[in-house]
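Below: the structure, in structure tokens.
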Amino acid sequence: MNDLYLNLAQSQMGKSLFEALNLPKPPELFRSPEASLQAPQGRVLVAGVKNGFALKGLIDVLDCESVSLCTPKPQQAYRQLFASNSLGGPDRKIKQITFNENSNHRFKSFVFDATGLSQPEDLLALYGFFHRTIKSIKKNGHVLVLGRQCMSGDGVNEATLSGALEGFVKSLAKEIGKKGASCNLLRVEKGAERQLQSAVYYFLTDKSAFVTGQSLQLVKGRAISRKIDWSQPLKGKYALVTGAAQGIGAETSRVLARDGACVICLDIPSNEAKLKKFADTIGGHALAIDLGADDAPDTLVTALASQLGLIDIVVHNAGITRDKTLANMPEHFWNQVIDINLSKIMAINERLFEKRLLSDRARIVCISSISGIAGNFGQTNYATSKAGIATYVEKIATLLSDGKTINAIAPGFIETEMTSRIPAVTRQVGRRTNSFSQGGEPLDVAEAVSLFCHPASQALNGNVLRVCGQSILGR
């Protein structure tokens, strides 16, 4: 990452200089590129409102050797708002902590079950829990709030409180961002609380280092496998990654291979030599196909059917930009972007479904963009295609069967070869206008792909997750 401002801010000399000049200091974000998704570590402070349905499942997930569970002793004024302090059976060792003005507690993570909120007055529980405790969060800590997934048949109260939680999470994320700490929301459909594990592990570890102020929905799905090798969760799976020769595509391929998958790396023929060399380093296979060709979907499906049979994971990462203001944009710029970024993804998926080349419980992940959420000057074609992909994912998710899932990731400013060519001033604005005041890394997107592809993520379906450090762009 060639970010001189960030490098200086985190150097020993730079820290003193930035403090003297009162300049904003981007925090150091920790990542673990070599390890697969694992249980969080350290002390976790947990609590929940009365009548919440996710707290027991949450405690089950966090009741492991690497976690020390604690719960705050509620003040008398808020006691009636919280669930029982026992938080489970007698065998669970959950330490009750007293907070006062002299407390010097430190916690790596905070988890709060707000699924029991039923009226606006219950929101006081958020204040009662976080007001006294949030100063105790460590650098690079994590806050996770669980809320009830709002369904079409829910009433006004449920919808209102669901929206209120989102505002709380986004605001708290901005307050703790200077510590490199994150705050996210997990919306849980009633009945999906037994499938919390992968999402909780993701949000409470450095796998979500550049994800804050965001939400995921957990929906009722088929039961997950009881036997998961968490050190290599994708062992025996075949994954296809498009645009795999460099940047986000290459890092995604590497991470999926790290997790045990055999990766088919696809890119354009002019990158074939580079692609083969990279695929060899991760024990994968190279497939050179120009997705801009009219027959590309049929060519791809024929190659997959003849060589592999079934595919377990498809990551639609390939995409192009042809930036011009709409008044100055030639028609072929528009057509090329819509074709590669939207039409071909839909066509490839359609062929895969028709030929029954996707295994049961197959995972499809599409790369969208915050440009599609917020719009961007000079990118009407690109934003149109990426917004279309996000909505496509949300719709297709409701139509899938056999345990298949589809999700999307909307990256913000990610440090890649492409963003290095952006004009210097624009590049600096892209880096600084988020809660961490820095760009993300391709690894951040790849770890989100890994989450959606994980065998324990059966209940994650129809999501569009922003990996953007809580960029000010979009909602």
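When Val425, Val393, Val449, Val365 are checked against the criterion of being out of contact with any strand residue (DSSP E or B) (no Cβ under 6 Å at 6 or more places or on another chain) and either part of a helix (DSSP H, G or I) or surrounded by 17 or more Cβ atoms within 10 Å (Cβ to Cβ) (or both), Val425 stands alone in meeting it. Hey, can you tell me all the residues within the range 177-216 that are assigned to a helix (DSSP H, G or I) and aliphatic (A, V, I, L, M)? Answer for the range 177-216, where residues must be assigned to a helix (DSSP H, G or I) and aliphatic (A, V, I, L, M): Ala199, Val200. Remark: Ala273 matches the filter, which requires a residue to be small (Gly, Ala, Ser), modelled with pLDDT of 95 or more and surrounded by fewer than 18 Cβ atoms within 10 Å (Cβ to Cβ).
Being in contact (Cβ under 8 Å) with a residue 40 or more places away in the chain and either surrounded by fewer than 18 Cβ atoms within 10 Å (Cβ to Cβ) or under 26 Å from the mean Cα position of the chain (by Cα) (or both) is true for just one of Asp280, Asp323, Asp290. Which residue is that? It would help to see each step written out before you state the result.
Working: Asp280 fails: in contact (Cβ under 8 Å) with a residue 40 or more places away in the chain; Asp290 fails: in contact (Cβ under 8 Å) with a residue 40 or more places away in the chain.
Criteria check complete, one pass: Asp323.
Looking only at the range 24-54, count every residue that is of a type in the set (A, V, I, L, M) and either closer than 16 Å to Lys95 by Cα or assigned by TED's automatic domain parsing to the domain that holds Asn434 (or both) and tell me the total. Count: 4.
If I filter the range 66-73 for residues that are in the same structural domain as Leu161 (by TED's automatic domain parsing) and modelled with pLDDT under 90, do I get at least one hit?
Of the range 66-73, the ones in the same structural domain as Leu161 (by TED's automatic domain parsing) are 66-73.
From the residues that got through so far, the ones that are modelled with pLDDT under 90 too are 73.
Yes: the range 66-73 contains one or more residues that are in the same structural domain as Leu161 (by TED's automatic domain parsing) and modelled with pLDDT under 90.
Candidates in the range 250-267 are the residues that are out of contact with any Gly (no Cβ under 8 Å at 6 or more places or on another chain) and of a type in the set (A, V, I, L, M); of these, the one that is nearest to Ile311 (Cα to Cα) is Ala261. Scanning the range 108-149 for residues that are hydroxyl-bearing (Ser, Thr, Tyr) and not in a loop (DSSP other than H, G, I, E, B) gives Ser109, Tyr127, Thr133, Ser136.
Have a look at Gln470, Gln438, Gln458 and point out the one that is assigned to a loop (DSSP other than H, G, I, E, B) and in contact with a Leu (Cβ under 6 Å, 6 or more places away or on another chain). Break it down stepwise before answering.
On the way: Gln470 fails: in contact with a Leu (Cβ under 6 Å, 6 or more places away or on another chain); Gln458 fails: in contact with a Leu (Cβ under 6 Å, 6 or more places away or on another chain).
After ruling out the rest, the residue left standing is Gln438.
If you check Ser118 against the conditions, is it more than 18 Å from the chain's Cα centre (by Cα), in the same structural domain as Lys207 (by TED's automatic domain parsing) and not β-branched (Val, Ile, Thr)? Please lay out each step first, then the result.
Values: more than 18 Å from the chain's Cα centre (by Cα): yes; in the same structural domain as Lys207 (by TED's automatic domain parsing): yes; not β-branched (Val, Ile, Thr): yes.
So Ser118 passes the test.
Surrounded by 14 or more Cβ atoms within 10 Å (Cβ to Cβ) and of a type in the set (Asp, Glu), is that true of Asp312? Judged against the criteria, Asp312 is a match. Selection of the range 140-177 for residues being loosely packed, with under 15 Cβ neighbours inside 10 Å, among the charged types (D, E, K, R) and at pLDDT 95 or above yields only Glu175.
Please work out if Ser171 is over 23 Å from Gln38 (Cα atoms) and either in contact (Cβ under 8 Å) with a residue 12 or more places away in the chain or part of a helix (DSSP H, G or I) (or both). Give the steps one after another, and end with the answer.
On the way: over 23 Å from Gln38 (Cα atoms): yes; either in contact (Cβ under 8 Å) with a residue 12 or more places away in the chain or part of a helix (DSSP H, G or I) (or both): yes.
Yes.
The values are calculated or read from the model by the stated rules, or taken from the named source; none is laboratory data. Note that this is a predicted model, so its numbers are computed, not measured. Don't worry about glycine lacking a Cβ; one is built from the backbone with ideal geometry, like all the others, and counts go over all protein chains shown.
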